[in-house]
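> Here's a structure for you.
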Amino acid sequence: MSSTVDARGLSCPQPVILTLNRIKELGKGAIEVLVDTDTSRENVSRAATSKGWEIKDIRPEGTGYRLILVKN
Amino acid sequence: MRVRNILATRWGIIIVGSIIGILASLLQKMGNPGNMGICVACFERDIAGTLGLHRAAVVQYMRPEIIGFVLGALAAALIFKEFRPRSGSAPIVRFILGVFAMIGALVFLGCPWRALLRLAGGDLNAILGLAGLGFGIWIGTLFLKGGYNLGRAETTYPSVGLLLPLVMLGFLALALIYPQVSGEPASGVLFYSTKGPGAMHAPLIVSLIVGLVVGVLAQQSRFCTMGAIRDLILFRQTHLFGGIVALLVVAGITNLALGQFHPGFTGQPVAHNLHIWNFAGMALAGLAFALAGGCPGRQLFLAGEGDGDAAIFVLGMIVGAAFAHNFGLASSPSGLGPHGMAAVFTGLVVCLFIGFTMRKKLA
């Protein structure tokens, strides 16, 4: 995985800000996002989808989730 | 993990906002103060009063809605496996933000929920409050864009996340052990208002059940009034905004149906019409909410799902209410408190200090 955003422990709206910043930086490709609440999982998914990125995978990791965002 | 959380969808949050709007109007019908079916700031202030942290005789009551919000959110978080005990993200900052958020809200006379409910009841002064709220949140988004953040929380013991819910259970126990005695200003260790807003309340069991229901719904939907405006400004996202529009519209319709809609600027319940200070008070509150990451309601729901930092914000608000009334910072229907203006300026300076100095690049 080339690009990881570690948003664990961060409260709203930091996970979304970090994810959107990375999306802006890369333009396309794959991003791995680590979050530790369901709210962050939902918010990051919603924000990424709104920018045309696909949520390729969401799986539990530790006490949170690992999301894989992809745009070709 | 559930496949899909219905309440966190666009229609989910609109339904939750609508239900809150109906329940708030009904609570007013059943005894809560005018345009105050639900007000997180006012109700935490009443709790500070019943505990004797301030002695403003007209605002003392152990509001079961607040207790229900926290316990309902806890129940939802446990049922849906979302309870995440966490703390350690700049607790002292969150406490101070809670203090000044409450002071700002009490200059206006209401939290964002009540600002919406005041407008839904026809109180046009709420427009100034909501404009101020938006302005304060806009300042907050500038800080967020500049890298402001309070750092990471750490996962911690489950019992840490249970402490505020346990405090709320303790409050409920006190209210049951020392129930209100009609016409008496105190019962055991608790103080009770015999007149004023603190004397107006729906039956305890009704308030508690409504609180629990709202707690469950709001925890699951992530309902947040500050987040609604912040996300609109910061991300052009309307998701949460749908919830507050629904609350406003449905509470307005319910008020019309119940004969609780009285449009105008003057003679509004528990309100003053000093436009500048309605705006400035809520600007301070909005900035403090934005810097802390949630409106007062959201902070209660977060505290219920284990967020110890949100719990500190709640305690800050309760202590802020005590300062507001002990130092003459809170407004009343007759106008500003003697030191309300000084408090708003002080609060803005403190919030700007926090916003300007707490930024760090996060990897």
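> Being buried (at least 21 other Cβ atoms within 10 Å of the Cβ) and more than 12 Å from chain A (Cβ to nearest Cβ) is the filter here; which residues of region B:230-245 pass it?
Within region B:230-245, B:G243, B:I244 qualify.
> Within region B:1-32, track down each residue that is in a loop (DSSP other than H, G, I, E, B) and away from chain A (no Cβ under 14 Å). Full working, then the answer.
Of all residues in region B:1-32, those in a loop (DSSP other than H, G, I, E, B) come to B:1-5, B:9, B:30-32.
If the condition is that a residue be in a loop (DSSP other than H, G, I, E, B) and away from chain A (no Cβ under 14 Å), then B:M30, B:G31, B:N32 are the ones that fit.
> How many residues, within region B:178-198, are buried (at least 16 other Cβ atoms within 10 Å of the Cβ) and under 15 Å from B:S332 (Cβ atoms)?
Result for region B:178-198: 4.
> Under the condition of being surrounded by 24 or more Cβ atoms within 10 Å (Cβ to Cβ) and closer than 16 Å to B:L117 by Cα, which residue from region B:256-280 is nearest to the other protein chains (Cβ to nearest Cβ)?
Applying the filter and picking the extreme gives B:N278.
> OK, next. For region B:339-363, which residues satisfy the criterion of being in a loop (DSSP other than H, G, I, E, B) and either touching a residue at least 12 places away in the same chain (Cβ under 8 Å) or surrounded by 13 or more Cβ atoms within 10 Å (Cβ to Cβ) (or both)? First the steps, then the outcome.
So in region B:339-363, the residues in a loop (DSSP other than H, G, I, E, B) come out as B:339, B:358, B:360-363.
Scanning region B:339-363 gives B:H339, B:M358, B:K360, B:K361, B:L362.
The rows are residues; the columns are (1) open to solvent by 30 Å² or more (accessible area, probe 1.4 Å); (2) on the phi < 0 side of the Ramachandran plot; (3) in a loop (DSSP other than H, G, I, E, B); (4) more than 12 Å from chain A (Cβ to nearest Cβ).
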{"residue": "B:I103", "(1), (2), (3), (4)": "no, yes, no, yes"}
{"residue": "B:G110", "(1), (2), (3), (4)": "no, no, yes, yes"}
{"residue": "B:G136", "(1), (2), (3), (4)": "no, yes, no, yes"}
{"residue": "B:I139", "(1), (2), (3), (4)": "yes, yes, no, yes"}
{"residue": "B:L144", "(1), (2), (3), (4)": "no, yes, no, no"}
{"residue": "B:L163", "(1), (2), (3), (4)": "yes, yes, no, yes"}
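> Another question, if that's okay. From the list B:V319, B:V314, which one is among the β-branched types (V, I, T), buried (at least 24 other Cβ atoms within 10 Å of the Cβ) and either closer than 15 Å to B:Q219 by Cα or in contact with a Leu (Cβ under 9 Å, 6 or more places away or on another chain) (or both)?
B:V314
> Now, a different point. Of all residues in region A:46-72, which are within 23 Å of B:T141 (Cα to Cα) and open to solvent by less than 20 Å² (accessible area, probe 1.4 Å)?
A:A47, A:A48
> So the check is Cβ under 9 Å with 6+ separation or different chains; which pairs have a first residue in region B:201-223 that's open to solvent by 10 Å² or more (accessible area, probe 1.4 Å) and a second one that's in a loop (DSSP other than H, G, I, E, B) and of a type in the set (K, R)?
So the pair list comes out as B:H201/B:R63.
> Among the residues of region A:11-45, which ones are open to solvent by 10 Å² or more (accessible area, probe 1.4 Å), within 12 Å of another protein chain (Cβ to nearest Cβ) and part of a loop (DSSP other than H, G, I, E, B)?
Scanning region A:11-45 gives A:S11, A:C12, A:D36, A:T37.
> Next question. Give B:A283, B:A290 a once-over and let me know the one that is in a helix (DSSP H, G or I), of a type in the set (G, A, S), within 14 Å of chain A (Cβ to nearest Cβ) and buried (at least 24 other Cβ atoms within 10 Å of the Cβ).
When all the criteria are applied, what remains is B:A290.
> When you scan region B:300-353, how many residues do you find that are farther than 20 Å from B:A48 by Cβ, away from every other protein chain (no Cβ under 14 Å) and either among the acidic types (D, E) or within 17 Å of the chain's Cα centre (by Cα) (or both)?
Counting residues in region B:300-353 that are farther than 20 Å from B:A48 by Cβ, away from every other protein chain (no Cβ under 14 Å) and either among the acidic types (D, E) or within 17 Å of the chain's Cα centre (by Cα) (or both) gives 0.
Let's see how each residue does on (1) open to solvent by 10 Å² or more (accessible area, probe 1.4 Å); (2) assigned to a loop (DSSP other than H, G, I, E, B); (3) hydrophobic (A, V, I, L, M, F, W, C):
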position	(1), (2), (3)
B:G34	yes, yes, no
B:A41	no, no, yes
B:A56	yes, yes, yes
B:M62	no, yes, yes
B:G72	no, no, no
B:L78	yes, no, yes
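The values are calculated or read from the model by the stated rules, or taken from the named source; none is laboratory data. Bear in mind that the values here come from a model prediction, so they are computed numbers and not experimental data. Glycine also receives a Cβ, built like all others from the backbone with ideal geometry; neighbour counts cover every protein chain displayed. Remember, those area values only see protein heavy atoms, side chains included, never the ligands or the DNA or RNA. Shrake-Rupley method; radii C 1.70, N 1.55, O 1.52, S 1.80 Å.
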